[in-house]
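The values are calculated or read from the model by the stated rules, or taken from the named source; none is laboratory data. Owing to the predicted nature of the structure, the values given are computational and were not obtained by experimental measurement. Because the Cβ atoms are built from the backbone with ideal geometry, glycine has one as well, and the counts that use them run over all protein chains shown.
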Amino acid sequence: MTDLFIPLIVFLIIIYGYLKKINVYDSFVVGASEGFSIVKGMFPSLLAMILAVNIFKNSGVIDFLFNFLKPLFLFLKIPFEVLPIAIMRPLSGSFGLALLNNIYGIYGPDSFISILSSVIQGSSDTTIYIITLYFGSVGIKKIKYALWVGLLADLFMVIMSLIVVPILF
Amino acid sequence: MINKLWIFLIITGSIYLISSGNFNVLNREILNSGKVTFDLIIQIFPLISLWLGIMNIAKESGLLSKLSRKIEPFLIRLFPEIPKGHEAFGYISSNIIANIFGLGNAATPFGIKAMKSLQNLNGEKDVASRSMITFLVMNTCGFTLIPTTIISLRMLHNSDRPSSIILPCIIVSFFSLLFGLMIDRLWAKK
């Protein structure tokens, strides 16, 4: 169904423009020419963040942290397989998907652990990436409390998932 | 804040790698990050340009302002700093709509345009405005009706009910959006 959305939106916008008698071709070209300057503005801050995130996520420090947190998770009866997804969710979207793929392979896509992991992955976005990208694109250096609010909402999202999924499944 | 996070990620990762003797991993990650970023930019560049083009048609034809007039009454409470009828509402609405339908690729350029017009209203050009933070919180909470990528991954693994995660995702992301907007409000008032 979602495959239809994009062509439909593009089609409707172009037809609407044509009916309103604007030069849709010129309008498209003028808009698209802005792309380069936007991408150029994003590059430095994105590079900085990808460098840091990649060092962190491939260092193995997450596995190291697990061994400390494992008893706590067992005590709270939370499957600790969801911890890496929960921690990496704000940092990297593709890393979470790779972990999810792994969990589906081990437990099957309809198991409780898989559903819980999917909900954690699907109910939030890559907070750090969005903040870096959007603030970077307009040259904001002081982001005030933005990151705190984003990360607190992510933490709340994980807690909500732990409550909602057991109720529904 | 980003500064501290950056230092934290690099220092913890590096110290762990050095103490476990994995110099080559550290070396590889440092040298690779340029290529990874460049590949991402190369993938995102044509998509951004494409949507900026389409969006410009929507803007010049008046579709964008028509759309934003419909959603503006709801947004005006969240963004008291934006003057009535300002183009920022059009971009914010488009970004929200694209996100709700799971069109991440389309949402990003709308979001960047929204940030640009919020920057025009911003007094201090290197400090985030209150509206910008509210707008970003709406994005980072990732409220969506259709988590497209995960559903396709579930189909790939032959799930019996690939769409069974839609309802819990809507409930959870809706509440985390409400929570995010609430603490954003509280923080802004401090």
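Being modelled with pLDDT under 95 and more than 9 Å from chain A (Cβ to nearest Cβ) is the filter here; which residues of the stretch B:122-137 pass it?
B:GLY123
Among the candidates A:GLY60, A:GLY122, A:GLY139, A:GLY150, which residue alone is farther than 17 Å from A:ILE50 by Cα and without any contact (Cβ under 8 Å) to a residue 12 or more places away in the chain?
Answer to the selection: A:GLY122.
Any idea which of B:ALA98, B:ALA106 is more than 8 Å from chain A (Cβ to nearest Cβ) and closer than 18 Å to A:THR126 by Cβ?
Numbers: B:ALA106 fails: more than 8 Å from chain A (Cβ to nearest Cβ).
Answer to the check: B:ALA98.
Anything in the stretch A:132-156 that is modelled with pLDDT under 95 and of a type in the set (Val, Ile, Thr)? List them, or say none.
Residues satisfying the conditions are A:THR132, A:VAL138, A:ILE140, A:ILE143.
Every residue in the stretch B:136-190 that is at positive phi and touching a residue at least 40 places away in the same chain (Cβ under 8 Å), please.
Listed by number, the list holds a single entry, B:GLY142.
Among the residues of the stretch B:32-67, what is the count of those that are farther than 18 Å from A:PRO7 by Cα and free of Cβ contacts under 8 Å to residues at least 12 places away in the same chain?
Residues meeting the conditions: 17.
Confirm whether B:PHE74 is more than 19 Å from the chain's Cα centre (by Cα), among the aromatic types (Phe, Trp, Tyr) and more than 8 Å from chain A (Cβ to nearest Cβ).
yes
Here is a list: B:GLY34, B:GLY21, B:GLY85, B:GLY53. Which entry is surrounded by fewer than 16 Cβ atoms within 10 Å (Cβ to Cβ), closer than 29 Å to A:SER33 by Cα and within 12 Å of chain A (Cβ to nearest Cβ)? Reasoning before the result, please.
On the way: B:GLY21 fails: closer than 29 Å to A:SER33 by Cα; B:GLY85 fails: within 12 Å of chain A (Cβ to nearest Cβ); B:GLY53 fails: surrounded by fewer than 16 Cβ atoms within 10 Å (Cβ to Cβ).
One residue alone meets the criteria, B:GLY34.
Looking at A:ILE113, A:ILE13, A:ILE22, which is the one that is aliphatic (A, V, I, L, M), without any contact (Cβ under 8 Å) to a residue 40 or more places away in the chain and either crowded, with 21+ Cβ neighbours inside 10 Å or touching a Cys at 6+ places or on another chain (Cβ under 9 Å) (or both)?
Only one candidate qualifies: A:ILE13.
If I ask for residues that are under 25 Å from B:ILE150 (Cα atoms), outside any helix (DSSP H, G or I) and modelled with pLDDT of 90 or more, which ones from the stretch B:66-114 would you list?
None; the set is empty.
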